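Have a look at the structure below, then the notes.
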């Protein structure tokens, strides 16, 4: 197998434009798996991914293709995650490729993620092959889509392939285009090993299974490897390729894509972006852009039933094995009892973890308002990092508060510039640069992380009709005028509802919060006062009136069964409530904090 | 949880109608469910042969489904009045009484109450009621002072009919008047006027009925506080012996439950109506002995108290439900299917469930706490054992004056009645 007969590529697309269908077609056409099996879209293998229509973990598969020139090519299809929370993972997966198929729905045309993915692929210096899919649809407008490709993407629309992944029309040409248009990988098999980790997962028998793209050198079982970011060394146990099942091979060499195992105990020890080299003959330089994927957002996870605490801890342990960007440690809340402070990349990551805990581990959870990690300089001169607002020292002990800022890039068509600047201003963004790229703009802002973790991306998509893309990375901590906003239920502060906000936004936020809480807290036997306060000063108040009437008028004879069942159903609903003091607070109340 | 399963002995072609009562809301029956095993058994008694009463004195409920017109708020099992259907129904009813009396344990029970509910039982002629009661007396021992009630509508009664009922052995009349507002009555789908209601009440008295109850409703669309207090006052002036007052509920099985209805009073007003009645009835010497029921001393409904004490009762008629031992079962609701099954010689039981001890305790609590007598405090203690959080919430009810202990019993207050479902959710 020579480098000249290898192609590494990924498929990128707006959601539902047919990425998974095309991947299945390519697999079937190259005999990688039979057509029947291909019915299941193999690449999006987690249920959650399929439901949300997003890819969370990257996947990869090797296709063997005999091209029209008669030669057999190895095509490595590297799938990428599809959300801003995972943009770093996307960038690493793309860095493992030389080219990308950009799928565009012939009926929908270019959409937001088409553009965002296009920019990501451009950033990774990939050769982009535009593919117009769904030409079988009655509403398909192939010519219009070609024009869009030319005008919006600055690619040659006439060179776009027109296919129907659903019926297989034109798909053989896609394989030919991969061979003809995407350049083969470059690299020196004799040079010291240099491999990029672009994904990993945990296997209970083999430990961490690491997905690698080799740019130089070769690796075989028994080789002693060095991880450049943490200087750990391991002995390689197995190397292999994905067919898509894992299949061991004798060797992986420059330009190839595959996996290796080396008794790596936790996937966190070989993180995405890591450079692997030979221990005895290390490569000179690691891959640029390595980021230690660190949690950015923190929230408390509490079992609704206290008795589920141990089960929750076991489940968190299991998830952490497979998810290096996820962290947790025990914490206690006056309101919620025993739980865990968990760290996530972003909100989607948080929701995914929560859903997996509820679905795969059958746990009922309260998730508290997410917070970023603040830096506190106390009057005693100590520096503390606080990721739970309730742990903030009293104001008289705080010398200075600092909050994390991120550097962000927004790509968007120029027509949305005004709206984007306005949004950025609302979110305390600091403008850094503006450049025109193709037919759009790339604007850089610095934002307080707290302003963008919650709904910024959604708002950005909405004001740009979905066209803007967004990417960010941590920049630094900056002093900020922050206050702790407490929520009181009948006069008792509920620590799990406290948030840290900028002073200028405290009033507005407090007001919105108590209004939302009033809507979700059900009526109780007594009136419930909901207050937002800064220190001892109440800035907003709402009241949930006491229950007036909750009674079954008639209850006789056979109706008893029906009435009992109605009450039993209500009782099921009550299981989603957490008692805070005397007030029963539904699960969603805690998340209300972030949606107001 | 006990399985609620359908058993359709000797017949299963048509599905049971959905509606109130024991609907087949549960998932597919478990293979181990006893009623299912019985479905294949030759016994004409179905699940009732597989249980036995715990007590000796039982109530007997008779469902008479026919109505001249179905009221818009009604979710009970009714059928349009039809002379032929009525005749067939009466035949089937007699078969059912006969079949029930051949249950293996039938000889051990005595009937303490008989209740004709509906539907509109007062569409039955006096001799029809007499025949049914005679059949019951032939087949079952009946206690000497048994309470025998008939639900009546003002438009289908007369002094003569009441006299006939009395001669047949009926000693309690429950008169459904619902409202005394002549603009409101037709909006409820009622066929009588306020005057008709008054006349019916007077006819019952004139016929010598010494125990007459009146049903009224509040929370009705367009009913204001003055209208309600006026109606309550007028009804109290008639000096009935018993009063049932129901806050309107839009049940799924009613026309209004499906279509909705405009002009419903706000919750605050409904609560005021509840209290206005409670105050006025108490002032007239009535005891508020159940959430929706008031009685002069000695005039509580004995039959309905059987339900609230979670005691046992037999039943006959379409959709009628019995509770014997740990089994609650309900008859087929469609009148033709009810009749067909009996004509083939089998009890028309369509649904049944066997209560677990835990469910029984839950029901005893939520039914008993509907009454002013409440429940033995020990039942509550048993339910709350080992659950300090729940115990704490129930303690709050006491502190708030909604629940009170008197000696060895615990009961809801009148304020507690009004929010009782919130407590019952805790106790199930």
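Taking Cα pairs under 8 Å and at least six residues apart, what relative contact order does chain B come out at, in percent?
Details: 811 pairs, mean separation 85.4, N = 428.
Once normalised by length, the contact order is 20 percent.
Working out 0.36 nm times the residue gap between residue B:259 and residue B:144, then minus their Cα-Cα distance, what length gain in nm do you get to one decimal? Write out the running numbers ahead of the final one.
Details: separation 115, 0.36 × 115 = 41.40 nm, distance 4.70 nm.
Taking 0.36 nm per residue and subtracting the Cα distance, the gain is 36.7 nm.
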Here the whole-number average of other chain Cβ atoms within 10 Å per Cβ of A:539-551 is 4
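What FRET efficiency, computed as 1/(1 + (r/R0)^6) with R0 = 51 Å and r the Cβ-Cβ distance, is obtained for residue A:433 and residue A:334, rounded to the nearest 0.05?
Numbers: r = 46 Å, r/R0 = 0.90.
E(calc), rounded to 0.05, equals 0.65.
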Taking Cα atoms only, helix A:347-360 is inclined relative to the longest principal axis of chain A by an angle, in degrees rounded to 10, of 80
Checking rank on B:270-280, A:107-117, with mean other Cβ inside 10 Å and highest first, the result is A:107-117, B:270-280
In this structure, the FRET efficiency calculated for residue A:151 and residue A:4 from their beta-carbon separation, with R0 = 35 Å, to the nearest 0.05, is 0.50
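Evaluate peptide B:76-82: per residue, the Cβ atoms of other protein chains within 10 Å of its Cβ; return the mean as an integer. All intermediate terms of the calculation are to be shown ahead of the outcome.
Numbers: counts 4, 1, 0, 0, 0, 0, 0.
Rounded to a whole number, the mean comes out at 1.
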Mean Cβ-within-10 Å packing, highest first, puts peptides A:530-542, A:378-390 in the order A:530-542, A:378-390
Length gained, residue A:400-residue A:546, 0.36 nm per residue minus C-alpha separation, equals 48.3 nm
Note: probe point = Cα of residue B:381 + 7 Å toward Cβ; backbone nitrogen < 19 Å; residues of region B:393-428 passing the test are B:393-399, B:403-412, B:427
For the residue A:418, residue A:527 Cβ pair and Förster radius 45 Å, calculated FRET efficiency rounded to 0.05 is 0.45
With the label point 7 Å along the Cα-to-beta-carbon line of residue A:224 and a cut-off under 12 Å to each amide N, the hits in region A:280-301 are A:280-282
Two pseudo-spin positions, 7 Å from Cα along C-beta at residue B:395 and at residue A:143, lie apart in nanometres by 8.1
Assertion target for A:477, B:76, ordered by fewest C-beta neighbours within 10 angstrom first, is A:477, B:76
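Just checking the output field for A:522-528: average partner chain Cβ neighbours within 10 Å of each residue's Cβ? Walk me through the numbers on the way to the answer.
Values: counts 1, 3, 3, 11, 2, 0, 0.
For this peptide, the per-residue mean of nearby foreign Cβ atoms is 3.
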Under the 7 Å Cα-to-Cβ spin-label approximation, residue A:459 and residue A:569 lie apart by a distance in nanometres of 3.9
Placing each pseudo-label 7 Å from Cα in the direction of the beta carbon, residue A:251 and residue A:205 end up separated by a distance in nanometres of 2.7
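Taken together, the values in this text are just the output of simple stated rules run on the coordinates, not laboratory data. Because the structure is a prediction, the values reported are computed rather than measured. Please note: Cβ atoms are built from the backbone with ideal geometry, for glycine as well, and neighbour counts cover all protein chains shown.
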